[in-house]
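Engineer: One structure coming up, written as structure tokens, with questions to follow.
The values are calculated or read from the model by the stated rules, or taken from the named source; none is laboratory data. Bear in mind that the values here come from a model prediction, so they are computed numbers and not experimental data. In this analysis, Cβ positions are derived from the backbone assuming ideal geometry, glycine residues included, and neighbour counts consider all displayed protein chains. The area values use the complete protein model at the heavy-atom level, side chains included, leaving out ligands, DNA and RNA. Shrake-Rupley method; radii C 1.70, N 1.55, O 1.52, S 1.80 Å.
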Amino acid sequence: MRILLVEDHIELSHWLSKALRDAHLTVECAANGADADALLHTQDYALVILDLTLPKMDGLDVLRRLRARGGARAKTPVMILTARGGLEERVQGLNLGADDYLSKPFELAELEARVKALLRRSQGSEALVHQCGALSFDTNTRMFAYGGAALALTPREHAVLEALITRPGRAVSKEKLFDEVFALEDDANLDAIELYIHRVRKKLERVQEGAAAITTLRGIGYLLQPRDHPG
């Protein structure tokens, strides 16, 4: 789950980024509208959190250009986060295609709840819990349970496993995993995914009954399935 946070207030951006990463999300940041527009033209995100009063390009213009492009990226959910909370601007933002609107100041718990709701809605599924054998992922709490106990994962291990369990029966390419696990500013290469796959596999091996396992499909990617799966 890679999110683009567009906020020019550096301290607020750092604070929000940390909170979202603590919620097991991969966060990239843009400090002005022009950079955000360029990223949205070339990158895929699960959600955009967009301030309106931005240098170089206003947030409403960023939103307008995103929706006008067409294609899958144009449908990216957008939550406006701004001190410009007047009725006219809220209506304008929603009419331009914003999916939610939160005025500053705000409570972090409300922001996190709205982010989770938008992400669930964008997945196109009403199911709140994904299951693979004894492994489950609750999309509301964003926590994994395995064999009846919470599964301890680092943020990147969490991102790898989430990408796999939310695509049941489908292989996920190394490239797709890399995009969901690492932000653009991270110093990593594609082979780093193999390290996190190895670490997650070791943690999945701790359960015997109903165990889940990650299968490598050469040239295709990785598939999460019950260990005793016939395939």
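Engineer: Which of the residues spanning the stretch 193-211 are farther than 14 Å from Ala163 by Cβ and either buried (at least 17 other Cβ atoms within 10 Å of the Cβ) or of a type in the set (D, E, K, R) (or both)?
Structural biologist: Once the filter is applied, which keeps residues that are farther than 14 Å from Ala163 by Cβ and either buried (at least 17 other Cβ atoms within 10 Å of the Cβ) or of a type in the set (D, E, K, R) (or both), the stretch 193-211 yields Glu194, Arg199, Arg201, Lys202, Lys203, Leu204, Glu205, Arg206, Val207, Glu209, Ala211.
Engineer: Would you confirm, using the coordinates I've provided, whether Leu52 is closer than 22 Å to Glu107 by Cβ, modelled with pLDDT of 90 or more and outside any helix (DSSP H, G or I)?
Structural biologist: The answer is no for Leu52.
Engineer: If you check every pair at least six apart or on different chains, which have Cβ atoms under 9 Å apart with a residue in the stretch 147-164 that is more than 18 Å from Ala46 (Cβ to Cβ) and of a type in the set (Ser, Thr, Tyr) first and a residue that is modelled with pLDDT of 90 or more and open to solvent by 10 Å² or more (accessible area, probe 1.4 Å) second?
Structural biologist: The qualifying pairs are Thr154/Tyr196; Thr154/Arg199.
Engineer: Next question, about the same structure. So which residues in the stretch 3-58 are more than 21 Å from Leu161 (Cβ to Cβ), open to solvent by 10 Å² or more (accessible area, probe 1.4 Å) and among the β-branched types (Val, Ile, Thr)?
Structural biologist: Answer for the stretch 3-58, where residues must be more than 21 Å from Leu161 (Cβ to Cβ), open to solvent by 10 Å² or more (accessible area, probe 1.4 Å) and among the β-branched types (Val, Ile, Thr): Ile10, Thr42, Thr53.
Engineer: Residues of the stretch 114-129 being open to solvent by 40 Å² or more (accessible area, probe 1.4 Å), at pLDDT 80 or above and under 14 Å from the mean Cα position of the chain (by Cα), which ones?
Structural biologist: Arg114, Lys116
Engineer: What residue, among those in the stretch 68-113 that are open to solvent by less than 30 Å² (accessible area, probe 1.4 Å) and aliphatic (A, V, I, L, M), is nearest to Arg142 (Cα to Cα)?
Structural biologist: Leu111
Engineer: Taking the stretch 206-223 as the search range and keeping residues that are out of contact with any helix residue (DSSP H, G or I) (no Cβ under 9 Å at 6 or more places or on another chain) and closer than 17 Å to Ala150 by Cβ, which one is modelled with the lowest pLDDT?
Structural biologist: Taking the candidates together, the pick is Gly210.
Engineer: For the stretch 50-64, which residues satisfy the criterion of being more than 15 Å from Gly97 (Cβ to Cβ) and in contact with a strand residue (DSSP E or B) (Cβ under 7 Å, 6 or more places away or on another chain)?
Structural biologist: Asp51, Thr53, Leu54
Engineer: Please count how many residues of the stretch 52-83 are under 18 Å from the mean Cα position of the chain (by Cα) and within 20 Å of His9 (Cβ to Cβ).
Structural biologist: Result for the stretch 52-83: 4.
Engineer: Which condition number in (1) crowded, with 17+ Cβ neighbours inside 10 Å; (2) at positive phi is the one that Val172 fails?
Structural biologist: (2)
Engineer: Look at Phe178 and say whether it is in a strand (DSSP E or B) and aromatic (Phe, Trp, Tyr).
Structural biologist: Criteria not met by Phe178.
Engineer: What are the residue pairs meeting all of these: first residue in the stretch 206-217, first residue in a strand (DSSP E or B), second residue open to solvent by 50 Å² or more (accessible area, probe 1.4 Å), Cβ atoms under 6 Å, and 6 or more apart or on different chains?
Structural biologist: Hits for this filter: Ala213/Arg227; Ile214/Arg201.
Engineer: Output the residue which, of all residues in the stretch 130-165 that are part of a helix (DSSP H, G or I) and open to solvent by 20 Å² or more (accessible area, probe 1.4 Å), is farthest from Gly221 (Cα to Cα).
Structural biologist: The extreme case among them is Pro155.
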